[in-house]
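The values are calculated or read from the model by the stated rules, or taken from the named source; none is laboratory data. Predicted, not measured: the structure shown is a model, and the values here were computed from it. Virtual Cβ from ideal backbone geometry, glycine too; neighbours counted across all protein chains shown.
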């Protein structure tokens, strides 16, 4: 298929379905067509992503296209430079089809908290696609793009991948450049790919990964190629009881599915190792303190002076800041800024932010201990299947708890992959989370590929 | 009220002499159109990330080595959070708990040791200009690399504070860390001042003074503030903990904000920047090529050239001046003491009268040395020298070196030929018979009077030694 034909197919899907799904905040039809035509005419087809359409989460800068991060605060902002990941995609021959919806600044697990409109799950329009990379996941699930970039701070790639029946990888912290990515929580944010298959995820990942001099936290380790395999002889798969049989609030169908996934791995030669991640229950609290503390500083630049609508006739400079921010930032964003500001404030920093950092180290140590007895970990990505729109919005804390299994690897900086492992009785997709050792993306991709094919033999 | 003593500690911000900013590739410079030297990083655009400039680290380490600090193998950048229009990210990147240098000291000219608590790295903010039409923000300065040198409260007088600042400035300039320009703000000084009754060990309430942009303002602000605080206590009131601004025009400090209004900066480690680690081999290499610091230079001047303490201190405290001096006298060390004194008195007086840019003076050092040599050898009289310097320094149409050569040619040669001097001497002696008689009766000090009279007749262009010799011959004959 030519790049042009592929792009036209995606644009046709967008035209047909995005009115109800609302995956995109901006579709660059003209740009995508132009690039596809250029690739068909000039390129030899050898580039790793030649002619493939990729949707980009709208907190990642594409030069000349709007960059909103899902916030009215950034409405009208157009960056002049590409994010490093975008530069890499273009160099690899990809076609960027548009910018996808997200929870404002990545703060949410359902994409209902976009400052513009909620995205719906293409598999069941009454349900959320997950978040915050819900637009990216929905775009792929509705065949509007071959793959997409998401960002993951506490589960924002993995959980929407699980909710939309896709594969989604959060790489090791530092593996993929954050340059040009609107920061939510800088010590946690990572860019990663979503696609229908683990193999496609790996294909995009290979393009994204690598050192970038524009990001001081970018890792210099060489990127390992994936060795695809069919049997898992000798692989030690850790099963944390806190993520499965002792997990609080875990949906029973999901629990059963994960056991089926474990059985599938064992059938292919893997050894299951029961382990414990004893600090799991503190993960949510630590995550929401560290992430909101960093966010409170990262979002200070959105002060009404240069972005967003400036409050008219403020009496003082403080009033200008307060009114502009209150008008242009959504409630959840304001909640997290206030929470983070409080966690860092004098007299409380030790009890909240500092303590959360100590817990974070404990959580990382849990994983380090686990690596003594296993090579990868497997558990559910989300404790529940995709919920109905509006079901959670009244209770932010309940929504925070949905991140129970994804925040741990984020806090520890570990690579984690969500792999589709079938559906429940309502035909809602279920994702399994594979967690790897630092910079062992190749390992979890290879295992994830075996796992996906165990449930969907056609997914190669 | 002399029963009080002042406790003073300085916080000095020095702008580092790097080509580019601390976290991006934008040029560090002065002037130019607003916001011309900016990029996504120093504008704080969404997604832009800071990457540390290695030269900044090298210069901060040099500053630490020059002030006998312990250089820290690991230091951490932190975010200092506050809102202001010229702070584009809403936080300043600085170092808080773990700075790059700790525990240094300076030795002042009188031998007193003043301790340095820490030196940390940070970025400068932009500049706000408040006008009738509103506030304008220029971010050219945003991201300029700074070090802050925090001194212990070891200073007791305004003079000590000035001596500390001079010593520190001299070291930073010698090491190529900072250009030391206080007027342009590349060296900025805040002072923490408190007073307490002599004999009391507990410290009094501390007031921070800002906005002092010269040595003179540092001295005057501290003197004023110490008096003010003693006055407050004498009135039976308590000193308020606050920040005060020095106003040179009003010659007083004025309250800017009190402790209650002070912001909570919510410092925390900047997750965009990994901890700064220095390796031992690199660090060892940094201590190898340190130049001679002002304190050593002062001693060398005293020992090698027998300069007076006052002269050696004056010369060495301005490193570019001392460098130019060293270059000029390299081939004629015998003239060093005379030349140093000549620079400190005659040349300095001219400089104060006529503002000539420093590079010009440095370039004219060899000419000044030649003129000084001629003067010392009697080839120029005092008056001729004074006139020559006056002419040259006022001659702004020429560069200083050219102006000196021109004025030197104009001055011509000194009169020392007996054939010219003798008739004038004879005429003076004939004009003052009673003084001649007194001289011969033993009032030998009148010799100076006669020399002066002869000099006057010759418009000052004569060699005083030659006149004196002639007079002695005639009067003592």
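Data for the structure
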{"read-out": "One residue from A:9, A:15, A:37, A:80 being assigned to a helix (DSSP H, G or I), over 24 Å from the mean Cα position of the chain (by Cα) and either within 14 Å of another protein chain (Cβ to nearest Cβ) or in contact (Cβ under 8 Å) with a residue 60 or more places away in the chain (or both)", "value": "A:9"}
{"read-out": "Inter-residue pairs, beta-carbon under 7 Å, first within 19 Å of residue B:438 (Cα to Cα) and in the stretch B:457-475, second surrounded by fewer than 17 Cβ atoms within 10 Å (Cβ to Cβ), 6+ apart", "value": "B:468/B:447; B:470/B:418; B:470/B:422; B:471/B:447; B:475/B:440"}
{"read-out": "Yes/no for residue A:352 being in a helix (DSSP H, G or I), under 18 Å from residue B:79 (Cβ atoms) and within 14 Å of another protein chain (Cβ to nearest Cβ)", "value": "yes"}
{"read-out": "Hey, residue B:27 within 25 Å of residue A:176 (Cα to Cα) and in contact with a strand residue (DSSP E or B) (Cβ under 8 Å, 6 or more places away or on another chain) or not", "value": "no"}
{"read-out": "One residue from B:283, B:276 being within 14 Å of chain A (Cβ to nearest Cβ) and under 30 Å from residue B:41 (Cβ atoms)", "value": "B:276"}
{"read-out": "Residue selected from the stretch B:64-85 under the condition outside any strand (DSSP E or B) and within 10 Å of chain A (Cβ to nearest Cβ), by the criterion nearest to residue A:310 (Cα to Cα)", "value": "B:85"}
{"read-out": "Selection count where residues are under 17 Å from residue B:291 (Cβ atoms) and in a helix (DSSP H, G or I), scope the stretch B:313-332", "value": "11"}
{"read-out": "The stretch A:386-422: number of residues that are surrounded by fewer than 24 Cβ atoms within 10 Å (Cβ to Cβ), over 17 Å from the mean Cα position of the chain (by Cα) and closer than 22 Å to residue A:435 by Cβ", "value": "1"}
{"read-out": "Lone unmet requirement of (1) away from chain B (no Cβ under 14 Å); (2) surrounded by fewer than 22 Cβ atoms within 10 Å (Cβ to Cβ); (3) touching a residue at least 60 places away in the same chain (Cβ under 8 Å); (4) in a helix (DSSP H, G or I) for residue A:327", "value": "(3)"}
{"read-out": "Subset tally (residues that are within 18 Å of residue B:153 (Cα to Cα) and assigned to a strand (DSSP E or B)) for the stretch B:108-136", "value": "8"}
{"read-out": "Qualifying residue in the stretch A:305-314 (condition: closer than 26 Å to residue B:47 by Cβ and not in a loop (DSSP other than H, G, I, E, B))", "value": "no"}
{"read-out": "Criterion: within 22 Å of the chain's Cα centre (by Cα), surrounded by fewer than 20 Cβ atoms within 10 Å (Cβ to Cβ) and more than 23 Å from residue B:181 (Cα to Cα) - qualifying residue of B:360, B:308", "value": "B:308"}
{"read-out": "Any chance residue A:275 is surrounded by 14 or more Cβ atoms within 10 Å (Cβ to Cβ), away from chain B (no Cβ under 14 Å), at pLDDT 95 or above and within 22 Å of the chain's Cα centre (by Cα)", "value": "no"}
{"read-out": "Test result for residue B:227, away from chain A (no Cβ under 14 Å), out of contact with any helix residue (DSSP H, G or I) (no Cβ under 8 Å at 6 or more places or on another chain) and closer than 30 Å to residue A:216 by Cβ", "value": "no"}
{"read-out": "Residue that is farthest from residue A:70 (Cα to Cα), among those in the stretch A:163-204 that are away from every other protein chain (no Cβ under 14 Å) and assigned to a strand (DSSP E or B)", "value": "A:167"}
{"read-out": "Whichever residue in the stretch B:97-107 is in a loop (DSSP other than H, G, I, E, B) and surrounded by 18 or more Cβ atoms within 10 Å (Cβ to Cβ) and, among such residues, is farthest from the other protein chains (Cβ to nearest Cβ)", "value": "B:99"}
{"read-out": "Filter pass, residue A:305 being within 9 Å of chain B (Cβ to nearest Cβ), touching a helix residue (DSSP H, G or I) at 6+ places or on another chain (Cβ under 9 Å) and modelled with pLDDT under 95", "value": "yes"}
{"read-out": "Test set (1) within 43 Å of the chain's Cα centre (by Cα); (2) farther than 25 Å from residue B:372 by Cα - residue B:396 fails condition number", "value": "(2)"}
{"read-out": "Criterion (within 14 Å of chain A (Cβ to nearest Cβ) and either more than 22 Å from the chain's Cα centre (by Cα) or within 21 Å of residue B:100 (Cβ to Cβ) (or both)) met by exactly one of B:334, B:263", "value": "B:263"}
{"read-out": "Every residue from the stretch B:293-314 that is touching a helix residue (DSSP H, G or I) at 6+ places or on another chain (Cβ under 7 Å) and farther than 18 Å from residue B:341 by Cβ", "value": "B:293, B:294"}
{"read-out": "Search result, residues across the stretch B:241-278 that are without any contact (Cβ under 8 Å) to a residue 60 or more places away in the chain and farther than 30 Å from residue B:193 by Cα", "value": "B:271, B:274"}
{"read-out": "Where a residue in the stretch A:221-237 is more than 16 Å from residue A:434 (Cβ to Cβ) and its partner, wherever it lies, is at pLDDT 95 or above, with Cβ under 6 Å and at least six apart", "value": "A:221/A:439; A:223/A:209; A:223/A:210; A:231/A:268; A:231/A:269; A:233/A:269"}
{"read-out": "Out of B:442, B:378, sole residue that is touching a helix residue (DSSP H, G or I) at 6+ places or on another chain (Cβ under 7 Å), outside any helix (DSSP H, G or I) and at positive phi", "value": "B:378"}
{"read-out": "Checking residue A:317 against (1) touching a helix residue (DSSP H, G or I) at 6+ places or on another chain (Cβ under 8 Å); (2) surrounded by fewer than 16 Cβ atoms within 10 Å (Cβ to Cβ); (3) free of Cβ contacts under 8 Å to residues at least 40 places away in the same chain, the condition it does not meet", "value": "(1)"}
{"read-out": "Hits in the stretch B:38-55 (condition: surrounded by fewer than 23 Cβ atoms within 10 Å (Cβ to Cβ), touching a residue at least 40 places away in the same chain (Cβ under 8 Å) and more than 10 Å from chain A (Cβ to nearest Cβ))", "value": "B:38, B:53"}
{"read-out": "Test: residue in the stretch B:418-437 that is surrounded by 17 or more Cβ atoms within 10 Å (Cβ to Cβ) and either in contact with a strand residue (DSSP E or B) (Cβ under 9 Å, 6 or more places away or on another chain) or within 24 Å of residue B:332 (Cα to Cα) (or both)", "value": "yes"}
{"read-out": "Verdict on residue A:185 being modelled with pLDDT of 95 or more and over 20 Å from residue A:364 (Cβ atoms)", "value": "no"}
{"read-out": "Condition check for residue A:160: assigned to a helix (DSSP H, G or I), closer than 24 Å to residue A:427 by Cβ and modelled with pLDDT of 95 or more", "value": "yes"}
